[in-house]
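I have placed the structure first, in the form of structure tokens, so that the comments after it can refer back to it.
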Amino acid sequence: MDAEWGDGTRAVRAGEDPAVPGAPLRPSPVFAAPFHLGDQPPRANGADAYGRTEHPTLRVFEDAVGELDGGRCLSFATGMAALTAAVLACARSGDRVVLPSDGYYTTRLLAAEELDRFGIEVQYAATPDIERVAADGGLAGARMVLLETPSNPQLDVCDIAAVAGAAHAAGALVAVDNTTATPLGQRPLALGADLTVGSDTKALTGHSDVLLGHVTVTDDELYARVKGFRDRTGSTPGAFEAWLGHRSMSTVDLRLARQAANAAAVVELLDGHPAVTGLRWPWRPGDPSFALASRQMLRPNGVVSLELADEAAVTRLLSASRLWAAATSFGGVHSTIDRRAQWGGDAVAPGFVRLSCGIEDTADLVADLSRALDALG
């Protein structure tokens, strides 16, 4: 694909073959587990044999995501399946991995419940501190460093290139959970990361109706290791999910633009409001992450975090709103509010919430949220 094309063109055209007269305009899902072998041995001349290890519909999705990420992509059934593969394909018993202490809580559950019993040592570092840890030699002896930037749910940002440089000097691989940013908002591979991981359940596919994940790399050996892990553990997505993901990501440029516009308007409403403390959005001037996000990231998104007085205040806000729904996850077309403490795992106050701005009309979202805030007194 032409590298000079814009995000909208790339999102629509990524993964597509040249048009053939009389053929469908868009690729259709192939619903098959085994494929005909004929008189050839399995996988002869690149032919498909079995859907767990190769499938044309998965390749279309993978080609599309890989074009946006800038590497070779492998699809997974969920984001956590992708992240698990990224770690376990690279680390073995006795190795040490560095994980974000303030990132997605299920990543920490993976470490506590699974990595520990496999004999993999875990070192934690908060996103705002990882650059200092890297600069002070704290990555020496590590096998892998996982970054999540912006972090979920507190939206801190770290310098991928700086950490990658220090990690590589220490002999460690760098993986970046790029879920919040999406491939249009940030390109970790171009900044020095070895792997980029995404939960495509969220903003990339963006309709809250499919579970998907992916890992993208540029190194062929690393690709083979991750693919081998995926194929042997059976964490391949279904054909329908991959097709639906490819169809949905065609509009990611449009969705991100509206979500970011809505977030900017919502942040303007919330900034300085007496009911709100701890407002975070990396693209708000004055935010601790603003300078780095502006330099490192390609565009903003629609995720905002803040703190209300307590759990009761969040309940009153939701009860008074008509457009903001109580739901977890983020990046979808509907605007949602998620009180993170109810899930456990995150070191946040009872009134801490993550707002995911959808693609509704900006004026409607702001007016509705304003009325809901008025209900707090």
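The values are calculated or read from the model by the stated rules, or taken from the named source; none is laboratory data. Predicted model, so just to flag it, every value in this text is computed and none were measured. In this analysis, Cβ positions are derived from the backbone assuming ideal geometry, glycine residues included, and neighbour counts consider all displayed protein chains.
Among the listed residues ASP136, ASP159, ASP129, ASP177, which satisfies the condition of being of a type in the set (D, E, K, R) and either crowded, with 21+ Cβ neighbours inside 10 Å or not assigned by TED's automatic domain parsing to the domain that holds GLY198 (or both)? Full working, then the answer.
Numbers: ASP136 fails: either crowded, with 21+ Cβ neighbours inside 10 Å or not assigned by TED's automatic domain parsing to the domain that holds GLY198 (or both); ASP159 fails: either crowded, with 21+ Cβ neighbours inside 10 Å or not assigned by TED's automatic domain parsing to the domain that holds GLY198 (or both); ASP129 fails: either crowded, with 21+ Cβ neighbours inside 10 Å or not assigned by TED's automatic domain parsing to the domain that holds GLY198 (or both).
That would be ASP177, the only listed residue that is of a type in the set (D, E, K, R) and either crowded, with 21+ Cβ neighbours inside 10 Å or not assigned by TED's automatic domain parsing to the domain that holds GLY198 (or both).
Test PRO285 against the criterion of being assigned to a loop (DSSP other than H, G, I, E, B) and not assigned by TED's automatic domain parsing to the domain that holds GLY15, and give yes or no. Before the answer, list the steps.
On the way: assigned to a loop (DSSP other than H, G, I, E, B): yes; not assigned by TED's automatic domain parsing to the domain that holds GLY15: yes.
The answer is yes for PRO285.
Listed residues LEU292, LEU270, LEU279; which is surrounded by 15 or more Cβ atoms within 10 Å (Cβ to Cβ), out of contact with any helix residue (DSSP H, G or I) (no Cβ under 9 Å at 6 or more places or on another chain) and farther than 27 Å from ASP209 by Cα? Even if it seems obvious, please write down each step before you answer.
Working: LEU270 fails: out of contact with any helix residue (DSSP H, G or I) (no Cβ under 9 Å at 6 or more places or on another chain); LEU279 fails: out of contact with any helix residue (DSSP H, G or I) (no Cβ under 9 Å at 6 or more places or on another chain).
Testing whether each residue is surrounded by 15 or more Cβ atoms within 10 Å (Cβ to Cβ), out of contact with any helix residue (DSSP H, G or I) (no Cβ under 9 Å at 6 or more places or on another chain) and farther than 27 Å from ASP209 by Cα leaves just LEU292.
Okay, residues lined up against (1) more than 26 Å from SER250 (Cβ to Cβ); (2) at pLDDT 90 or above:
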position	(1), (2)
GLY8	no, yes
ASP39	yes, no
PRO42	yes, no
THR53	yes, yes
THR57	no, yes
GLY79	no, yes
LEU83	no, yes
ARG96	yes, yes
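In the range 310-337, how many are without any contact (Cβ under 8 Å) to a residue 60 or more places away in the chain and either out of contact with any strand residue (DSSP E or B) (no Cβ under 8 Å at 6 or more places or on another chain) or not in a loop (DSSP other than H, G, I, E, B) (or both)?
Residues that pass the stated criteria total 15.
Tell me the helices (runs of 4 or more DSSP H) entirely within the range 23-120 that contain at least 3 residues that are of a type in the set (Val, Ile, Thr) and touching a residue at least 40 places away in the same chain (Cβ under 8 Å).
On the way: elements: 56-69, 79-88, 105-110.
Hits in the range 23-120: 56-69.
Among the residues in the range 205-221, are any out of contact with any Cys (no Cβ under 7 Å at 6 or more places or on another chain), of a type outside the set (Val, Ile, Thr) and closer than 17 Å to THR127 by Cα?
Within the range 205-221, none of the residues are out of contact with any Cys (no Cβ under 7 Å at 6 or more places or on another chain), of a type outside the set (Val, Ile, Thr) and closer than 17 Å to THR127 by Cα.
Among the residues of the range 71-94, which ones are over 18 Å from ALA203 (Cβ atoms) and of a type outside the set (A, V, I, L, M, F, W, C)?
Hits for the range 71-94 are GLY71, ARG72, THR84, ARG92, SER93, GLY94.
Filter the range 238-262 for residues that are in contact with a Ser or Thr (Cβ under 7 Å, 6 or more places away or on another chain) and within 21 Å of THR180 (Cβ to Cβ) and give the result.
GLY245, SER248, MET249, VAL252, LEU256, ALA261, ASN262, listed by residue number.
List the pairs whose first member sits in the range 167-194 and is touching a residue at least 12 places away in the same chain (Cβ under 8 Å), whose second member is of a type in the set (Ser, Thr, Tyr), and whose Cβ atoms are under 6 Å apart, counting only residues at least 6 apart or on separate chains?
VAL176/THR196; ASN178/THR196; THR179/SER199; PRO188/THR196; LEU189/THR196; LEU189/THR218
A quick yes/no check of all residues on (1) surrounded by fewer than 17 Cβ atoms within 10 Å (Cβ to Cβ); (2) more than 18 Å from the chain's Cα centre (by Cα):
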position	(1), (2)
ALA313	no, yes
SER319	yes, yes
ALA325	yes, yes
PHE330	no, no
HIS334	yes, no
ASP338	no, no
GLY344	yes, yes
ALA347	yes, yes
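Among the residues of the range 251-298 satisfying the criterion of being among the aromatic types (Phe, Trp, Tyr) and either out of contact with any strand residue (DSSP E or B) (no Cβ under 8 Å at 6 or more places or on another chain) or at pLDDT below 95 (or both), which is nearest to GLY332 (Cα to Cα)? Steps first, please.
So in the range 251-298, the residues among the aromatic types (Phe, Trp, Tyr) come out as 281, 283, 290.
Filter again for either out of contact with any strand residue (DSSP E or B) (no Cβ under 8 Å at 6 or more places or on another chain) or at pLDDT below 95 (or both), leaving 283, 290.
Numbers: TRP283: 19, PHE290: 24 Å.
Among those that are among the aromatic types (Phe, Trp, Tyr) and either out of contact with any strand residue (DSSP E or B) (no Cβ under 8 Å at 6 or more places or on another chain) or at pLDDT below 95 (or both), it is TRP283.
ALA85: in contact with a helix residue (DSSP H, G or I) (Cβ under 8 Å, 6 or more places away or on another chain) and surrounded by 20 or more Cβ atoms within 10 Å (Cβ to Cβ), yes or no? If you could, list the steps in order and put the result at the bottom.
Working: in contact with a helix residue (DSSP H, G or I) (Cβ under 8 Å, 6 or more places away or on another chain): yes; surrounded by 20 or more Cβ atoms within 10 Å (Cβ to Cβ): yes.
The answer is yes for ALA85.
What is the residue count in the range 45-85 for residues that are of a type in the set (A, V, I, L, M, F, W, C) and on the phi > 0 side of the Ramachandran plot?
Start the filter on the range 45-85 by keeping residues that are of a type in the set (A, V, I, L, M, F, W, C), which leaves 47, 49, 58, 60-61, 64-65, 68, 73-74, 76-77, 80-83, 85.
From the residues that got through so far, the ones that are on the phi > 0 side of the Ramachandran plot too are none.
Result for the range 45-85: 0.
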